[in-house]
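A.B. asks: One structure coming up, written as structure tokens, with questions to follow.
The values are calculated or read from the model by the stated rules, or taken from the named source; none is laboratory data. If you're wondering where the values come from, they're calculated on a predicted model, not measured in any experiment. Please note: Cβ atoms are built from the backbone with ideal geometry, for glycine as well, and neighbour counts cover all protein chains shown. Keep in mind that these areas ignore ligands, DNA and RNA; they rest on the heavy atoms of the full protein, side chains included. Shrake-Rupley method; radii C 1.70, N 1.55, O 1.52, S 1.80 Å.
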Amino acid sequence: MNSEHAIITDQLTKSFGSFTAVDHISFEVKRGEIFGFLGANGAGKTTAMRMLCGLSKPTSGSATIAGFDIYKDTEKIKTKIGYMSQKFSLYEDLTVKENIRFFGGIYGLSNKALKLQTNKLIDTLGLESQSGKLVASLPLGWKQKLAFSVAVIHEPSIVFLDEPTGGVDPITRRQFWDLIYEAAQRGITIFVTTHYMDEAEYCDRVSMMVDGKIAALDSPEKLKLKYNVESMDDVFYHLARAAKRGE
Amino acid sequence: MRTLKFLLVKEFKQIFRNKSLLPMIFMMPIIQLLVLPLAADFEIKNINISIVDHDRSEYSNDLINAVTSSGYFQLVSFGDSYQAAMNEIELDASDLILEIPSHFEQNLIKDGAQQVFIAVNAINGTKAGLGASYLNSIIQNFNQNIMVDAIASGNAAPLKNIEVVSLNWFNPNMNYKIFMVPAILVLLVTMVGAYMCSLNIVKEKEVGTIEQINVTPIKKHLYILGKMIPFLVIGIFIFTIGFFVVARLVYQIVPLGNLFLLYGYLFLFLVALLGFGLLISTYSQTQQQAMSIAFFFMMVFILMSGLFTPIESMPEWAKYIAYSNPVTYFIEVMRMVVLKGSMLKNITNHIYVMIGFAIFFNTWAVMNYRKTS
């Protein structure tokens, strides 16, 4: 167990029948790092992330999350992580406040902490006027920001974000990344998948998944240097072109 | 415990905000209890009858009067052509033909015996069977009257006859509503268990919120309890409205047995049925799937529960199904406790069986519910 690392995976694999979605991936994520997890659609990003969150059992290989074993301590891991899925997954028929209270509550926040967190969160998001409204009535960008805030309400060591800014306008995306930076500054490790290469530039390090394998892993600067290209966009093209899996 | 509180607050809020569920919960018991018992009446009235009278005598007239004034039959055609009557049956306008032969009166007086002919349209088996037996008993009655007349006028020797008189215990007037209402209440509660609970959980799978729950350290059994308790409350609520409002005010059904016993059994039944609903939800990914599975089992539960047809008259193999059906036991208990005033010692067996069902369904469901796929 290495206290410097939030995530360590070794030969982690997930197969569905004869199809290997995630093929022996090994990588480490440092504590407090913003780690970008890139790859084309169907490269295996979501499957890998679901294994790390304890939503899906690996076929083989090992991993530790926040120092806990992915097989034995699934429930302990769950106290240490936050997760925001691709699909919006707060309760649309509850109000903003009720969602915050509910998730804070089941993460075991005390009544006092709940009150404090709720007010702080609504304040940071500028949702004062909306706090009593059903989440269903919020615009997508606000929903996403709320979902992120709820995912870190219990101050986890790591938060997993699966395409958090999909379908969101550029301004909101910028605000969303402000939230991410803020969380990272508080010491939360960020593990994020994205299709926006400008967002990849914001990450400390990124990995590129191609056909279930990790094809490259380094800081955006070094990757650009390595492939002798101008932008992360070009790095992505360069690597993803080698993919054999059809879309 | 605190987690459970948060779960329950959330569930109840969601249920009370659900615009389609709420009217169901309040209106379903009232509407179903008002409509179903009236329709599910085994007494058949308005049987369409065609009478072919070849005799046109005083006796045949008397017989026809006896039939048409009984209240069960409606005369659709009267004539002397059997063929015409048969046409009525073929057009489905008529259910029964009563054919009175020519020289009916004459032969009856001369020989002391005569035959009439009944033809039954058996497409609707229940109607046909009951119609024929009503007609038979009317004719028999008519027969008795003729005999009494004959004996009185000294034309015939008194016959020794055994008359069977039956006494209907616990429901002296053979009122079908008293028999059906408690059982229909059971159906209402069954729907809550089998549908509402499983659909609720599967809905969370469909919209994806269950993922968000599954990444939290929430305990599996707490989450399940959080889902079951609200529907347990709703089930008891629906039962209470149905029992104390509709059954008592509309049908004047006052339970003879102990209410605690009834509610205790209702509780056991709901736990078993909610376990079953939960089990369906663990095997379904979409509400459509859950609905189809639940619907299939509802059909079996309803038709093989002794609700409409006595279990004793089912074939052997079907009895096994009926006795593997939790609904069967609750209907029996309802009828026993409400109509007969049965006590705890009369239904201990039913209690053990229901506890068995509850343990069986819930264990299976909890084992099959996975936070990790």
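A.B. asks: Among the numbered criteria (1) within 13 Å of chain B (Cβ to nearest Cβ); (2) among the hydroxyl-bearing types (Ser, Thr, Tyr); (3) open to solvent by 40 Å² or more (accessible area, probe 1.4 Å); (4) touching a residue at least 40 places away in the same chain (Cβ under 8 Å), which single criterion is violated by A:SER62?
C.D. replies: Failed condition: (1).
A.B. asks: A further question on this structure: In the range A:133-170, what count of residues is obtained for those that are of a type in the set (A, V, I, L, M), under 27 Å from A:GLY187 (Cβ atoms), over 13 Å from the mean Cα position of the chain (by Cα) and more than 12 Å from every other protein chain (Cβ to nearest Cβ)?
C.D. replies: So the count comes out to 2.
A.B. asks: For the range B:324-343, what are the residues that are surrounded by fewer than 14 Cβ atoms within 10 Å (Cβ to Cβ) and within 25 Å of B:LEU274 (Cβ to Cβ)?
C.D. replies: Correct list: B:SER324 only.
A.B. asks: I've got another one for you. If I filter the range B:16-33 for residues that are within 12 Å of chain A (Cβ to nearest Cβ), modelled with pLDDT of 80 or more and crowded, with 18+ Cβ neighbours inside 10 Å, do I get at least one hit?
C.D. replies: no
A.B. asks: If a residue must be part of a helix (DSSP H, G or I), under 23 Å from the mean Cα position of the chain (by Cα) and either among the small types (Gly, Ala, Ser) or under 17 Å from B:GLY306 (Cα atoms) (or both), how many such residues does the range B:341-364 contain?
C.D. replies: Of the residues in that region, 3 qualify.
A.B. asks: While we're here: Among (1) under 16 Å from the mean Cα position of the chain (by Cα); (2) at the interface with another protein chain (Cβ under 8 Å from one of its Cβ atoms); (3) open to solvent by 40 Å² or more (accessible area, probe 1.4 Å), there is one condition A:LYS80 misses while meeting the rest; what is its number?
C.D. replies: Condition (2) is where A:LYS80 drops out.
A.B. asks: Then there is this: Of all residues in the range B:1-28, count the ones that are within 16 Å of B:LEU225 (Cα to Cα) and among the hydrophobic types (A, V, I, L, M, F, W, C).
C.D. replies: The qualifying residues number 8.
A.B. asks: So which residues in the range A:83-108 are of a type in the set (A, V, I, L, M, F, W, C), facing another protein chain (nearest Cβ under 10 Å) and under 23 Å from the mean Cα position of the chain (by Cα), if there are any at all? Don't jump to the end; show me each part of the working.
C.D. replies: From the range A:83-108, those of a type in the set (A, V, I, L, M, F, W, C) are A:84, A:88, A:90, A:94, A:96, A:100, A:102-103, A:106; that's our starting set.
This time we only want the ones that are facing another protein chain (nearest Cβ under 10 Å), so: A:84, A:88, A:90, A:94, A:102-103, A:106.
The answer is A:MET84, A:PHE88, A:LEU90, A:PHE102, A:PHE103, A:ILE106.
A.B. asks: A further question on this structure: Looking at B:MET298, B:MET291, which is the one that is open to solvent by 70 Å² or more (accessible area, probe 1.4 Å), in a helix (DSSP H, G or I), at negative phi and touching a residue at least 12 places away in the same chain (Cβ under 8 Å)?
C.D. replies: After ruling out the rest, the residue left standing is B:MET291.
A.B. asks: Then there is this: Please pick out the residue among B:LEU232, B:LEU268, B:LEU225 that is within 14 Å of chain A (Cβ to nearest Cβ), under 29 Å from B:MET367 (Cβ atoms), part of a helix (DSSP H, G or I) and open to solvent by 10 Å² or more (accessible area, probe 1.4 Å).
C.D. replies: Just a single option satisfies the conditions, and that option is B:LEU225.
A.B. asks: Then there is this: Checking B:ASN48 against (1) open to solvent by 40 Å² or more (accessible area, probe 1.4 Å); (2) away from every other protein chain (no Cβ under 14 Å): exactly one of these is not met. Which one?
C.D. replies: (1)
A.B. asks: Among the numbered criteria (1) more than 18 Å from B:LEU36 (Cα to Cα); (2) at pLDDT below 90; (3) of a type in the set (A, V, I, L, M), which one does B:LEU303 miss?
C.D. replies: Unmet for B:LEU303, out of (1) more than 18 Å from B:LEU36 (Cα to Cα); (2) at pLDDT below 90; (3) of a type in the set (A, V, I, L, M): (1).
A.B. asks: Between a first residue in the range A:68-89 that is without any contact (Cβ under 8 Å) to a residue 24 or more places away in the chain and a second residue that is open to solvent by 70 Å² or more (accessible area, probe 1.4 Å) and not in a loop (DSSP other than H, G, I, E, B), which pairs have beta carbons less than 6 Å apart while being 6 or more apart in sequence or on different chains?
C.D. replies: As it stands, the answer is A:PHE68/A:LYS76, since those pairs meet every condition given.
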